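Just below is one structure, and these are the notes that go with it.
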Amino acid sequence: MNRIDGSLNPLITSRTLGGSPAAATEGADSDRSREAEAVGGKQDAVLLSFRSRSMAEVSQAVAAAPEVRADRVSTIRSQIANGTYTSNAREIAQRLLSSGTFGE
């Protein structure tokens, strides 16, 4: 099976034999499979790796982030280029902490 990053991982498979759950999905998933089979259907299961769950969380965070202010970025970029940009590290740190970007 191809992983989300395109590499192959021969130890993980999403296929099950005859529609029955794989050994790694025993427990609550096998209860759901038995319920599905009882009503005459078969159930597919999807298991996400920690990396894919993390990527989904990051994607949601990016989608929820405020828009980039292109005019502000352009101004700061030109100030850096001509050597006139100054910053206050304490103010930046305080804003990061107060915004919840980093835990206090």
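What FRET efficiency would be calculated for the residue pair Ala56, Thr84, taking the C-beta separation as r and a Förster radius of 41 Å, to the nearest 0.05?
On the way: r = 41 Å, r/R0 = 1.00.
The calculated FRET efficiency here is 0.50.
Evaluating 6.51 cos²θ - 1.76 cosθ + 1.60 at θ = phi - 60° for every residue in region 66-83, the Karplus couplings come out as x, 5, 6, 8, 4, 5, 5, 4, 4, 4, 5, 4, 5, 5, 5, 4, 9, x Hz, glycine and proline recorded as x.
No lab work stands behind these numbers, since they all come straight from the coordinates. What you see is a predicted model, and the numbers here were worked out from it, not measured in a lab. We place every Cβ from the backbone using ideal geometry, glycine too, and count neighbours over all the protein chains shown.
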